[in-house]
Amino acid sequence: MPEPDMLRDLGVRASSEGGHVRVWSGSATAIEACIFAPNDPSWLAEKLHLTRDEHGVWSGSSSRLVPGARYSLRASGPTGPQHSFDPNLHLIDPYARGLARTGSGHWHSIVPDDAFDWAGARKPNTPLDHTVIYEAHAKGLSKLNPSIPERLRGTYAGLAHESNIAYLKDLGVTAIELLPVQQFVSEQRLVKQGLRNYWGYNTLNFFTPHAAYASRAAQVNGASAVLREFKGMVKLLHEAGLEVILDVVYNHTAEEGPKGPTTSFRGLDNANYYRQMADGDYIDVTGCGNTINFALPAAQRLVLDSLRYWANEVQIDGFRFDLAPALGRDDNVMFSADHPLLHAIIDDPALQGVKMIAEPWDVGMGGWQVGKFPNGWAEWNDGYRDRMRDFWLTDVSSERLHGVAGQGIGSMARRLAGSAHVFSHERGPLASVNFITAHDGFTIADLTSYNQKHNLGNGENNRDGTDNNHSFNHGIEGPTGDPAVLDARRRAMRNLLGTLLLSAGVPMITAGDEFGRSQHGNNNAYCHDSSLTWLPWKQDQWQKELLDVSRRLLRLRRENPALRPVRFGVFGEETPSSTQMDWFNAHGATMSSENWDSPTARTLQYLAASTPEFEDFNRILLIVHGLETPMTVTLPTHTGVSAYTLLWDSANDAAEGIDLSPGAERVVAGTSMQLFRAHN
């Protein structure tokens with residue numbers, strides 16, 4: 001990493017002269033800041049010629065660079081296959097904290113008035129072991145909420161409306177993870193098709209809130225008002241005890257491939273900012289046309305400065321990094337867990353206490369890096385996702401078709417207990433962000449209703465989206481009125497939610513899964529800004545019942561610290577804040593290798609006891625049965641356990657409060673789970 005003073009204070013900062021602008025470009029031969037008249041954005045009021053220092057930083061001061069000012073950058077430089085200089089193009093300052101689209105379809109940078117009264121609101125600082133993430137879309141979450149004034153639906157203000165907050169608090173989640181809200185644009189291909197990028201993974205600028213998600217009043221009043229509304233959203237969520245995590249896309253930009261639009265980085269220093277071959281062909285490990293070159297100190301500093309801005313000035317609690325291996329690729333485009341940027345993000349004093357979550361794969365060579373990130377990072381665990389889907393869905397399909405399930409229960413159990421085979425002992429179970437679904441893929445309802453994707457509405461003849469869904473339609477593709485199929489689907493949803501919320505690690509729920517939202521089989525709805533992707537606020541009776549189950553499971557997770565270990569235990573030792581685990585088969589005996597591996601013996605009893613540091617002692621028993629025929633189990637006998645109380649049965653939502661003794665027999669319905677509290 002460069003020394004701090006070399007790349008300090010990039011962007012526009014207030015100065016005695018009005019404002020001082022600093023821009024990095026290692027290849028440019030001249031850069032000027034174009035400052036526009038405050039009352040006429042088409043009138044160029046001043047050309048400020050910037051001067052270069054020995055570190056490639058260009059700077060200058062102007063009395064016009066004050067809050068509300070519009071400006072752009074124009075850069076000149078050498079020609080050649082790796083360069084794209086055009087001194088006539090008005091470019092976005094990479095550090096701009098406000099943007100405005102001009103009449104010509106281009107953008108001006110804005111110096112915003114960033115004053116804001118937080119009125120004492122503070123970050124909740126929820127410990128990771130108590131964290132439950134709710135992945136949602138900033139617009140889609142509130143767009144259809146009838147309790148919100150129509151002018152605020154689908155906005156930052158609407159997201160923080162009291163009815164939205166009450167719903168999230170009642171559900172029991174602790175953090176909302178927003179799909180990208182840094183200013184983005186739709187890809188040229190989508191625009192030509194009459195579609196738009198709804199998810200937002202096409203970032204234009206790394207410091208500016210996406211203006212289209214602000215209320216109309218804020219948009220009319222400009223970048224400063226948009227920023228105030230965004231901060232107001234964060235403030236209200238914090239006052240309610242809810243954290244805000246941003247999904248950030250630093251791996252590529254909206255400039256797409258070499259023939260894409262030139263809006264900022266390409267025009268300032270294409271040769272340095274983007275990974276490319278000597279002939280100018282881009283090295284693309286993101287699948288999005290370009291990849292930022294994080295072997296470049298200025299690119300590393302850009303990410304750190306952006307994170308510091310959002311975490312400290314906007315009070316964001318955490319970040320989920322899209323295609324995170326791209327940030328850890330070296331000069332040879334190879335991933336390294338020792339990459340200075342990956343360590344700088346977690347070691348930066350200005351970012352301590354901020355949650356850092358990696359999507360640990362990209363599409364380049366060696367792109368799948370699950371479990372390989374440094375200590376201090378959490379990671380999306382796709383192995384958890386796939387194995388839990390298989391256990392409750394494709395294995396059950398195999399049993400129906402072939403008379404035997406696809407796998408035994410061992411692989412599922414390892415992930416239930418925290419994925420110690422994936423994450424190092426030092427990192428522990430909280431390195432695993434567990435999920436069954438995410439924005440990308442089937443919803444939980446569609447996992448149980450479709451064997452194939454149905455993406456024709458995306459305009460690519462059903463070619464886009466994965467074909468590897470690990471789903472099972474239970475005998476009928478899509479909607480049905482068959483009671484037996486509906487019963488099997490709904491039980492599968494309860495099992496999937498139960499597994500997610502009763503597993504060690506950090507659970508992430510996709511918005512709407514708590515009540516079975518469907519996207520009608522579309523597993524790649526990135527280009528649909530419509531009721532297909534917006535959260536429905538009117539639910540059928542079965543959905544209300546599933547929502548009640550989700551609330552109960554989240555409450556049970558809170559109440560039972562044995563389900564939330566901080567550390568991996570060590571056999572024969574007592575490790576503080578870990579879980580002591582004992583595993584039994586259906587007969588109450590210790591699991592054998594055959595019990596673990598046989599596809600005909602898919603029943604286990606998981607007895608977990610906490611080793612508390614900060615909470616009272618707690619022990620639970622979780623029974624998992626993965627065959628469609630019922631099973632009679634014998635509850636295990638264990639030192640210190642005198643009785644079991646039923647807390648939840650995925651096959652019978654009304655069942656709870658039943659007390660049983662060790663050694664008692666209990667009938668477990670086909671493909672179901674039962675959770676008990678064990679008493680001393």
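How much of the accessible area of the stretch 123-261, in percent, comes from carbon and sulfur atoms when a 1.4 Å probe is used? It would help to have the intermediate numbers written out before the result.
Details: 2340 of 4560 Å².
Solvent-exposed carbon and sulfur of the stretch 123-261 make up 51 percent of the total.
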Filtered hits (lysines, Cα-Cα < 27 Å from Lys372, offset >= 8 within chain) -> Lys355
Answer label for percent of Cα pairs over 48 Å apart (calculated), chosen among [x] 24; [y] 19; [z] 40
[y]
Post the alpha-carbon centroid distance, the stretch 416-474 to the stretch 7-42, in whole angstrom.
45
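Under the rule a/c < 1.5 gives rounded, and otherwise a/b versus b/c splits prolate from oblate, where does the stretch 535-668 land using the Cα gyration tensor?
oblate
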Cut-off under 5 Å, modelled amide H: who pairs with Val668 long-range:
Met631, Thr632, Val633
Nearest 5 percent is fine: what portion of the DSSP beta bridges confined to the chain is antiparallel?
75
Can you bin every Cα-Cα distance in the stretch 139-255 into 5 Å intervals starting at zero and give me the percent of pairs per bin, rounded to whole numbers?
2, 12, 19, 23, 21, 14, 7, 3, 0
What is the stretch 1-123 by shape, rounded, prolate or oblate, if you read a ≥ b ≥ c off the alpha carbon gyration tensor as root eigenvalues and call it rounded for a/c under 1.5, prolate for a/b larger than b/c, and oblate otherwise?
oblate
Net charge contributed by nearby residues that have their C-beta within less than 14 Å of Phe265 (K/R +1, D/E -1):
-2
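Going by average Cβ density within 10 Å per residue, which order do the peptides 304-317, 380-393 take, highest to lowest?
Values: 304-317: 19.5, 380-393: 22.5.
Going by the mean number of other Cβ atoms within 10 Å, highest first, we get 380-393, 304-317.
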Check which residues have an amide H placed less than 5 Å from Ala69's amide H, if you skip close sequence neighbours.
Val111
For Asp382 and Trp118, what does the FRET efficiency come to when R0 = 51 Å and r is the distance between their Cβ atoms, rounded to the nearest 0.05?
0.85
Can you tell me the relative contact order of the stretch 188-332? Whole percent, Cα pairs under 8 Å, sequence separation 6 or more.
26
Hey, which lysines would be in cross-link range of Lys47, C-alpha to C-alpha under 29 Å, not counting anything within fewer than 8 residues on its own chain?
Lys259
Can you bin every Cα-Cα distance in the stretch 285-360 into 5 Å intervals starting at zero and give me the percent of pairs per bin, rounded to whole numbers?
3, 15, 27, 26, 17, 8, 2, 0
Computed lengthening from Glu656 to Ser15, 0.36 nm per intervening residue step minus Cα-Cα distance
224.2 nm
If packing is taken as the average count of other Cβ atoms within 10 Å, what order do 413-422, 72-81 fall into, highest mean first?
413-422, 72-81
Solvent-accessible heavy-atom area per residue, rounded to whole Å², over the chain at 1.4 Å:
37
So what are the ³J(HN,Hα) numbers for the stretch 57-72, from phi and the Karplus equation (6.51, -1.76, 1.60; θ = phi - 60°), rounded to whole Hz, Gly and Pro as x?
9, 9, 8, x, 10, 8, 5, 8, 7, 10, x, x, 5, 9, 8, 9
Which value in deg cm²/dmol, rounded to the nearest 500, describes the helix-derived mean residue ellipticity at 222 nm for the chain, given -39,500 (n - 2.57) per DSSP H run of n ≥ 4 and division by the residue count?
-6000 deg cm²/dmol
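When only C-alpha pairs under 8 Å and at least 6 residues apart count, what is the relative contact order of the stretch 494-644, in percent? The partial results should precede the final answer.
On the way: 192 pairs, mean separation 27.7, N = 151.
It comes to 18 percent, rounded to a whole number.
For the stretch 25-72, what % of the accessible area comes from carbon and sulfur atoms, probe 1.4 Å? Can you show the working numbers first?
Values: 1190 of 2360 Å².
Taking all protein chains in place, the stretch 25-72 shows 51 percent carbon and sulfur surface.
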Set of lysines near Lys538 by C-alpha distance (under 27 Å), chain-local residues within fewer than 8 positions excluded:
Lys139, Lys143, Lys169, Lys453
The percentage of the accessible area of the stretch 562-665 (probe 1.4 Å, all protein chains present) made up of carbon and sulfur atoms, to the nearest whole number, is 51
Gyration tensor (alpha-carbon) shape descriptor, the stretch 458-515, a/c threshold 1.5:
oblate
Taking the C-alpha atoms of the stretch 410-542, convex hull volume expressed per residue in Å³:
129
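Quick check: net charge around His454, other residues with Cβ under 13 Å of its Cβ, Lys/Arg +1 and Asp/Glu -1?
Once positives and negatives cancel, what remains is -3.
The values are calculated or read from the model by the stated rules, or taken from the named source; none is laboratory data. Keep in mind that this is a model prediction, so the values were computed, not measured. Glycine also receives a Cβ, built like all others from the backbone with ideal geometry; neighbour counts cover every protein chain displayed. For the accessible areas, the whole protein counts, side chains as well, though only heavy atoms, and no ligand, DNA or RNA atoms are used. Shrake-Rupley method; radii C 1.70, N 1.55, O 1.52, S 1.80 Å.
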